[in-house]
Amino acid sequence: MIMMRTLIEPVVAGAQVASSFYDTALLFVVKDYYNRTTTSLNTSHSVTLQKAISNFYIIHNLILGLTPLLSAYILAKIGDNKRRKVTICVPLLGYFLSRCFLLLVIFLDWPVEVMFGSAALNGLTGWFTTYWAGVMAWAAVDSTEKRRSFKFIVIELVYGLSGCVGSLASGHIFVSFTITHNTGAILVICSVSLYFICLLYSIFILKVPYNETALCINSIDGTDEQEVSNGHLPEPTEQSSLLSETNGPLGGLPAQTPSKFFIALLFATAILYNISVDGATDVLSLFLIKEPLRFSPTYIGYANAAGYLIFVTSFLGVCIFSRCLKDVTLIMMGILSFCAGIFIMASVRWTFLYFIGKVFVVLQLSLAITGILTSVAFNEIYQATLTSFSGTCFIISGILSILSLIPISFAAFKYSSIFHRARST
C-alpha cells in the first residue's frame with residue numbers, strides 16, 4: 001500500500017485531463033468573446049477576429065512563459081532540499097486558482113483580458129516548467145537506476161493517453177452541457193475540480209519515496225544500496241552511445257571522442273526543431289477554427305487528441321525501432337515525420353487531411369526560452385499572412401525542421417567516422 005502511495009502517475013493523469021478540458025474551453029471562450037466585441041460588419045470581420053484571438057494568445061503566452069523564470073529556480077531549490085512535494089503541489093495550486101479566473105469570465109461576463117492575470121498567477125507558481133521537472137524528479141527517486149528510463153517512458157505514456165482521453169471528451173462536454181447559456185462552464189468546472197482533486201491527492205495521499213536519501217547518496221557513484229551490500233557493483237546502465245567516451249556500445253571508443261561537440265550539435269538540432277514545432281502548434285488552433293475548416297469544439301477536441309496520440313505512437317516506435325536503429329537515426333526519423341506532417345498541414349483545406357497530417361507529427365521537445373520567442377514571431381507572421389496564404393507559418397516550420405536535420409546529420413557522419421576509425425584500430 002505504501003508503494004502505491006508513492007506513484008506519481010495518478011497526478012499526471014488527472015492533471016493532464018484537466019489541462020485538456022481547459023485548453024478547449026479557453027479557445028472557444030476567447031473566440032466567443034471577441035466575436036461579440038468585434039463589431040466590424042465588412043468582409044474582413046473574420047480576419048479581424050483571427051487577429052484579436054492571435055493577439056490575446058501572444059500576450060497570454062508571453063506572460064505564461066516568462067513569469068516562471070522568476071519562481072521556477074526557487075521552487076526547484078526548495079524541492080532539492082528534501083521538500084519534494086513543493087515542486088508538484090505549488091504548481092498544482094497555481095493551476096487550480098488560475099483556472100478559476102475563466103469561470104469569472106463565463107459567469108460574470110468579465111473581459112477576457114482577465115486571463116492575463118490568470119497566466120501571471122500560473123507562471124509565478126511555477127507553471128508546467130516547475131511541475132514537470134518535479135514529476136521527473138519524483139519519478140527518478142521512485143525508481144531504481146536500472147528501471148529509471150522505463151519509469152520516465154511510462155509517465156510520458158500516461159501523459160499522452162490522459163491528454164488524448166481528455167481532449168476527446170472535452171469537445172462533447174463543451175457542446176452538450178451548459179449552465180443557463182454559459183457555454184463552456186461545465187467543462188471549466190470539470191477542469192478545476194480535477195485540479196483540486198490532484199492537489200488534495202498530492203498533499204494528503206502522495207508519499208515521498210522512502211529511498212530518496214539513499215538514491216541521492218548512491219547516485220554519486222551510480223551504485224544501488226542492495227548491490228553494494230551484496231559486495232559487487234552493478235553493470236553500467238543507460239549509457240548514451242553519442243555521449244559516451246569509453247564505455248559505449250562500440251567496445252571502447254578512443255579517448256578523444258568529442259562528446260561536447262556532439263552535445264552542441266544536439267542542442268542546435270533541439271533548438272531548431274523546437275522553434276519549428278512550437279511555432280506551428282501555437283497558431284494551429286487558430287488555423288483550425290477559421291475558414292475553410294471552421295472546426296467545432298468537438299473537432300478541436302479530436303484534433304488535440306490526435307496530437308496527444310503521438311505520445312503513444314512515439315512510445316511504440318521507440319520500443320520497436322530502438323532494437324535495430326541507432327539513436328541518431330531515430331531522431332532523424334522523428335524530424336522527417338514532423339516535416340511530412342507539417343507540410344501537409346500548410347495546404348489543408350479539408351478535415352480529413354488534418355488528421356492525415358497529425359499522424360506524422362512526433363513528440364516535440366520543450367525548450368522554454370525559444371518557445372516564448374517563437375510564439376510571438378509565428379503569431380505575428382500568421383496575422384501578416386491571413387489574407388494571402390494562412391499556411392505560411394507551417395511552410396516556415398517545415399523549412400526550419402529540415403534545417404534542424406543539418407547538425408544532427410553532421411553528428412551522425414562524424415559519429416560514423418569515429419566508429420570506423422575505432423574498428424580499424
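The values are calculated or read from the model by the stated rules, or taken from the named source; none is laboratory data. What you see is a predicted model; the values in this text were computed from it and never measured. Positions of Cβ are backbone-derived with ideal geometry, glycine not excepted, and every protein chain shown enters the neighbour counts. Side chains included, ligands, DNA and RNA excluded: accessible areas come from the protein's heavy atoms. Shrake-Rupley method; radii C 1.70, N 1.55, O 1.52, S 1.80 Å.
Would it be correct to say that Asn182 is of a type in the set (S, T, N, Q), on the phi < 0 side of the Ramachandran plot and modelled with pLDDT under 80?
Details: of a type in the set (S, T, N, Q): yes; on the phi < 0 side of the Ramachandran plot: yes; modelled with pLDDT under 80: no.
Answer is no for this residue.
Can you give me the number of residues within the stretch 107-116 that are under 26 Å from the mean Cα position of the chain (by Cα) and either in a helix (DSSP H, G or I) or loosely packed, with under 15 Cβ neighbours inside 10 Å (or both)? Steps first, please.
Applying the first criterion (under 26 Å from the mean Cα position of the chain (by Cα)) to the stretch 107-116 yields 112-116.
Imposing the further condition that a residue be either in a helix (DSSP H, G or I) or loosely packed, with under 15 Cβ neighbours inside 10 Å (or both) reduces the set to 113-116.
Number satisfying all stated conditions: 4.
Answer yes or no: is there a residue in the stretch 11-18 that is in a helix (DSSP H, G or I), open to solvent by 20 Å² or more (accessible area, probe 1.4 Å), closer than 25 Å to Asp142 by Cβ and modelled with pLDDT of 95 or more. It would help to see each step written out before you state the result.
Of all residues in the stretch 11-18, those in a helix (DSSP H, G or I) come to 11-18.
Narrowing the set further to residues that are open to solvent by 20 Å² or more (accessible area, probe 1.4 Å) leaves 13, 17.
This time we only want the ones that are closer than 25 Å to Asp142 by Cβ, so: 13, 17.
If we keep only those that are modelled with pLDDT of 95 or more as well, we get 13, 17.
The answer is yes, given that some residue of the stretch 11-18 is in a helix (DSSP H, G or I), open to solvent by 20 Å² or more (accessible area, probe 1.4 Å), closer than 25 Å to Asp142 by Cβ and modelled with pLDDT of 95 or more.
Given Ala133, Ala72, which one is assigned to a helix (DSSP H, G or I) and surrounded by fewer than 19 Cβ atoms within 10 Å (Cβ to Cβ)?
Ala133
If you go through the stretch 19-40 one residue at a time, how many are touching a Ser or Thr at 6+ places or on another chain (Cβ under 8 Å), of a type outside the set (Asp, Glu) and open to solvent by 30 Å² or more (accessible area, probe 1.4 Å)? First the steps, then the outcome.
Taking the stretch 19-40 and keeping what is touching a Ser or Thr at 6+ places or on another chain (Cβ under 8 Å), we get 19-25, 27-29, 32, 38, 40.
The next check asks that each one be of a type outside the set (Asp, Glu); those that pass are 19-22, 24-25, 27-29, 38, 40.
Filter once more, so that each one left must be open to solvent by 30 Å² or more (accessible area, probe 1.4 Å): 40.
Here the count works out to 1.
Looking only at residues that are of a type in the set (Gly, Ala, Ser) and in contact (Cβ under 8 Å) with a residue 40 or more places away in the chain in the stretch 164-178, which one is surrounded by the fewest Cβ atoms within 10 Å (Cβ to Cβ)?
Within the stretch 164-178, the subset of a type in the set (Gly, Ala, Ser) is 166-167, 169-171, 176.
Now restrict to residues that are in contact (Cβ under 8 Å) with a residue 40 or more places away in the chain: 166-167, 169-171.
Working: Gly166: 29, Ser167: 26, Ala169: 18, Ser170: 30, Gly171: 23.
Applying the filter and picking the extreme gives Ala169.
Please find, among Ser162, Ser98, the residue that is in contact with a helix residue (DSSP H, G or I) (Cβ under 8 Å, 6 or more places away or on another chain) and within 20 Å of Gly301 (Cβ to Cβ). Steps first, answer last, please.
Numbers: Ser98 fails: within 20 Å of Gly301 (Cβ to Cβ).
The match here is Ser162.
Can you name every residue in the stretch 282-295 that is outside any helix (DSSP H, G or I) and either modelled with pLDDT under 75 or touching a helix residue (DSSP H, G or I) at 6+ places or on another chain (Cβ under 7 Å) (or both)? Steps first, answer last, please.
Kept after step one, since they are outside any helix (DSSP H, G or I), are these residues of the stretch 282-295: 290-295.
Once the filter is applied, which keeps residues that are outside any helix (DSSP H, G or I) and either modelled with pLDDT under 75 or touching a helix residue (DSSP H, G or I) at 6+ places or on another chain (Cβ under 7 Å) (or both), the stretch 282-295 yields Lys290, Glu291, Pro292, Leu293, Phe295.
Take Leu157 and tell me if it is surrounded by fewer than 16 Cβ atoms within 10 Å (Cβ to Cβ), assigned to a helix (DSSP H, G or I) and touching a helix residue (DSSP H, G or I) at 6+ places or on another chain (Cβ under 8 Å).
Details: surrounded by fewer than 16 Cβ atoms within 10 Å (Cβ to Cβ): no; assigned to a helix (DSSP H, G or I): yes; touching a helix residue (DSSP H, G or I) at 6+ places or on another chain (Cβ under 8 Å): yes.
No: the conditions fail for Leu157.
Can you say whether Leu104 is aliphatic (A, V, I, L, M), surrounded by fewer than 18 Cβ atoms within 10 Å (Cβ to Cβ) and either in contact (Cβ under 8 Å) with a residue 24 or more places away in the chain or under 20 Å from Ala18 (Cα atoms) (or both), as far as the supplied structure shows?
Values: aliphatic (A, V, I, L, M): yes; surrounded by fewer than 18 Cβ atoms within 10 Å (Cβ to Cβ): yes; either in contact (Cβ under 8 Å) with a residue 24 or more places away in the chain or under 20 Å from Ala18 (Cα atoms) (or both): yes.
Yes, satisfied.
Could you list all residues from the stretch 361-379 that are surrounded by fewer than 21 Cβ atoms within 10 Å (Cβ to Cβ) and modelled with pLDDT of 75 or more?
Ala377
Is there any pair linking a residue in the stretch 71-85 that is of a type in the set (Ser, Thr, Tyr) to one that is not in a loop (DSSP other than H, G, I, E, B), with Cβ under 8 Å and at least six apart or on different chains, and which?
Taking only residues 6 or more apart or on different chains, the pairs are Ser71/Gly123; Ser71/Leu124; Ser71/Thr130.
Are there any pairs with C-beta distances below 6 angstrom linking a residue in the stretch 128-156 that is free of Cβ contacts under 8 Å to residues at least 12 places away in the same chain to a residue that is not in a loop (DSSP other than H, G, I, E, B) and not acidic (Asp, Glu), with the two at least 6 apart or on different chains, and if so which?
That search, which allows pairs on different chains as well, returns Ser143/Lys151.
Can you name the residue in the stretch 75-89 that is surrounded by 15 or more Cβ atoms within 10 Å (Cβ to Cβ) and in a loop (DSSP other than H, G, I, E, B) and, of all such residues, is modelled with the highest pLDDT?
Going through the qualifying residues, I end up with Lys85.
Of Tyr57, Tyr73, which residue is hydroxyl-bearing (Ser, Thr, Tyr) and over 30 Å from Thr37 (Cβ atoms)? Reasoning before the result, please.
Numbers: Tyr57 fails: over 30 Å from Thr37 (Cβ atoms).
Within the list Tyr57, Tyr73, the selection yields Tyr73.
In the stretch 47-65, what count of residues is obtained for those that are under 17 Å from Ala384 (Cβ atoms) and among the aliphatic types (A, V, I, L, M)?
Residues flagged as under 17 Å from Ala384 (Cβ atoms) and among the aliphatic types (A, V, I, L, M) within the stretch 47-65 amount to 5.
Just one of (1) under 20 Å from Arg294 (Cα atoms); (2) of a type in the set (Ser, Thr, Tyr); (3) open to solvent by 30 Å² or more (accessible area, probe 1.4 Å); (4) modelled with pLDDT of 70 or more trips up Tyr382, so point out which.
Tallying (1) under 20 Å from Arg294 (Cα atoms); (2) of a type in the set (Ser, Thr, Tyr); (3) open to solvent by 30 Å² or more (accessible area, probe 1.4 Å); (4) modelled with pLDDT of 70 or more, Tyr382 fails exactly one: (3).
Please give the number of the condition Leu92 fails out of (1) modelled with pLDDT under 95; (2) buried (at least 23 other Cβ atoms within 10 Å of the Cβ).
Leu92 satisfies every listed condition except (1).
Which of the residues that make up the stretch 47-69 are assigned to a helix (DSSP H, G or I) and within 30 Å of Leu206 (Cα to Cα)? Walk me through how you get there before you give the answer.
As a first pass, look at the stretch 47-69 and keep what is assigned to a helix (DSSP H, G or I): 47-66, 68-69.
Those that are assigned to a helix (DSSP H, G or I) and within 30 Å of Leu206 (Cα to Cα): Leu64, Gly65, Leu66, Pro68, Leu69.
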